[in-house]
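What follows is one structure encoded as structure tokens, with my remarks underneath.
The values are calculated or read from the model by the stated rules, or taken from the named source; none is laboratory data. Nothing here was measured: the structure is a model prediction, and the numbers come from that model. Glycine gets a Cβ as well: all are built from the backbone with ideal geometry, and neighbour counts include every protein chain shown. Quick note on the areas: whole protein, heavy atoms, side chains included, nothing else; ligands and nucleic acids left out. Shrake-Rupley method; radii C 1.70, N 1.55, O 1.52, S 1.80 Å.
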Amino acid sequence: MPESIMKTVTVSGKGQISIPQEIRKQLAVEKGSKLVIILKDKKLLICKASDISQSIEDSFEDVVRYSERSLEETWDNEEDEVWNRYLKT
């Protein structure tokens, strides 16, 4: 299980903060890295944009897999086969 790190940062007059080096290294955050900031229940969550993108893709993979299975059950049924035979004649 990853070790928790807690650091205190100071907000500049421009609203900027510096991410401590130890955290940047663990997350592989470098100059030019894109980050996403989420506010939820008065808490900030900062994530790498690439991690968020991958998480979304993974979530949709499950949805697509479920949808395909659900549609397969709907389309592959005896009633459809009856109609298909009827329409071919």
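Does Ser59 fit the bill of being under 30 Å from Lys7 (Cα atoms) and either open to solvent by less than 100 Å² (accessible area, probe 1.4 Å) or modelled with pLDDT under 90 (or both)? Criteria not met by Ser59. In the stretch 1-37, of all residues being surrounded by 10 or more Cβ atoms within 10 Å (Cβ to Cβ) and basic (Lys, Arg), the one that is nearest to Ala49 (Cα to Cα) corresponds to Lys34.
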